[in-house]
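Each remark here refers to the structure printed beneath this line.
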Amino acid sequence: MVALKLFSCALFAGVSLAQNTTLRYMPFGDSITEIICWRAMLWEKLQSTEFASVNWVGSGKTENNCGDSKYDRDNEGHSGFLAINIANNKQLVGWLQNNPADVITMHLGTNDIVQQNKPVDQIIAAFTTLVGVMRASNPNMKIIVAQIIPMGFGSYNTAIQNLNKAIPTWAQGLNKTESPIWVVDQYTGFNGGSDLRDGVHPNQSGDTKMANIWYPALIHALEVAKAGKLAAAAERVEIPFTA
């Protein structure tokens, strides 16, 4: 009887741990998150890892005719949206209420620069607001922020480079042990000509480069998120000894 009770408790504990460590990942951004194929490529890369079953979340499923019917299309990419407007209009609040996440990747700022020539300090202030929303939704949110890709036309890349230079210092200032911010460089090595299909959005080579940059950072974020959820779940599980 003692052995049976211990086995039942251990089984319950294992089920509880499994339920409490399901991971949710939100790709968040503008059209360079929405109407592209790097998400499909990134999902495929995860299939050979322990994170194949991670639940991708978001209110949209749009892509760029990627020819992959298997991958989890859920995302929070919104074509034409500015980081400043998303922050000021509190749109991320509702998106995260409807689709909570443990890990989020953010590629934003392109439209702020290209559409309205917003200054870097205003974009960075919007990023700060968005991180606050993420942490209000989940105090343990793991956040990956991109230094954004170049444009293939106009003179926008100077402003993009200025934004990208500001991002690491900004991220360091907001970093928290329980909710780290990691920065990935999507600009360096990305060709504003040959890696874009229309001067703005990545083509196949651009998507491949973006997926390859996101991948190690996402794996690390998922590892940290999983460890945290396992530790929290283990603290909640008690196995009583009953003679």
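Multiplying the sequence separation of Glu223 and Asn191 by 0.36 nm and subtracting their Cα-Cα distance, what value in nm do you get?
Values: separation 32, 0.36 × 32 = 11.52 nm, distance 3.08 nm.
Length gained between Glu223 and Asn191: 8.4 nm.
Can you tell me how segment 24-151 classifies by the Cα gyration tensor, rounded, prolate or oblate, using a/c under 1.5 as the rounded cut? It is oblate, given that a/c is not under 1.5 and a/b is not larger than b/c. Summarising the label geometry, the points placed 7 Å from Cα in the beta-carbon direction at Asp198 and Gln161 lie 2.7 nm from one another.
For segment 172-235, what mean projected area does the convex hull of the alpha carbons give, in nm²? Kindly include the intermediate steps, with their values, before the conclusion.
On the way: hull surface 22.9 nm².
Projected over every direction and averaged, the Cα hull of segment 172-235 covers 5.7 nm².
If each DSSP helix of 4+ residues adds -39,500 (n - 2.57) and the sum is divided by the residues in the chain, what number results at 222 nm, nearest 500 deg cm²/dmol? Theoretical 222 nm ellipticity from helices: -16000 deg cm²/dmol. Taking each residue as 0.36 nm, the span from Asn55 to Asn140 lengthens on full extension beyond its C-alpha to C-alpha distance by 28.9 nm.
What you get for segment 145-240, charging only the Cβ of Lys and Arg (+1) and of Asp and Glu (-1), is a dipole of about 80 debye around the Cα centre. Taking Thr177, Thr33, Thr208 in turn, the Gaussian network model of the chain (Cα-Cα springs below 10 Å) assigns the largest fluctuation to Thr177.
Rolling a 1.4 angstrom probe over the protein heavy atoms, how many square angstrom per residue are accessible across the chain?
On the way: 11120 Å² over 243 residues.
Here the residues of the chain average 46 Å² of exposed surface.
Per the Debye calculation on segment 28-74 with a single equal scatterer at every Cα and no solvent contribution, log₁₀ I(q)/I(0) for q = 0.16, 0.20, 0.21, 0.28 Å⁻¹ amounts to -0.40, -0.62, -0.69, -1.14.
Rounded to two decimals, what ratio of Rg to Rh does segment 109-196 give with C-alpha atoms and a Kirkwood Rh? Intermediate values should be presented prior to the final figure.
On the way: Rg = 13.8 Å, Rh = 13.7 Å.
Over the Cα atoms of segment 109-196, Rg/Rh equals 1.00.
Screening the chain for whole DSSP H helices of 18 Å or more along their axis (Cα) with average Kyte-Doolittle hydropathy at least 0.5 returns 2-20, 120-137. The dipole here belongs to the chain: it is taken about the Cα centre, uses +1 on the Cβ of Lys and Arg and -1 on the Cβ of Asp and Glu, and is about 380 debye. Between the exposed loop cleavage positions of the chain, defined as GluC sites (Glu not before Pro) in a non-H, G, I, E, B DSSP state with at most 15 neighbouring beta-carbon atoms within 10 angstrom, the longest gap is 51-177.
Excluding residues on the same chain fewer than 8 positions from Lys61, give the aspartates and glutamates whose Cα lies under 18 Å from its Cα. Lys61 reaches Asp30, Glu34, Glu44, Asp72, Asp74, Glu76, Asp207. Using heavy atoms of the protein chains and a probe of 1.4 Å, the accessible area assigned to Trp56 is about 0 Å². Taking all protein chains in place and a 1.4 Å probe, what share, in percent, of the accessible surface of the chain do carbon and sulfur account for? Exposed carbon and sulfur together represent 53 percent of the surface.
How big is Rg to Rh over the chain, alpha-carbon atoms, Rh as the Kirkwood inverse-mean-distance radius? Provide the component values of the computation, followed by the final result.
Details: Rg = 19.9 Å, Rh = 18.9 Å.
Rg/Rh: 1.05.
Extending 7 Å from Cα along the Cβ direction at Arg236 and again at Thr208 yields two label points whose distance is 4.3 nm.
The values are calculated or read from the model by the stated rules, or taken from the named source; none is laboratory data. This is a predicted model, so every value here is computed, not measured. All Cβ positions, glycine included, derive from the backbone under ideal geometry; neighbour counts span all protein chains shown. Accessible surface areas use protein heavy atoms only, side chains included; no ligands, DNA or RNA. Shrake-Rupley method; radii C 1.70, N 1.55, O 1.52, S 1.80 Å.
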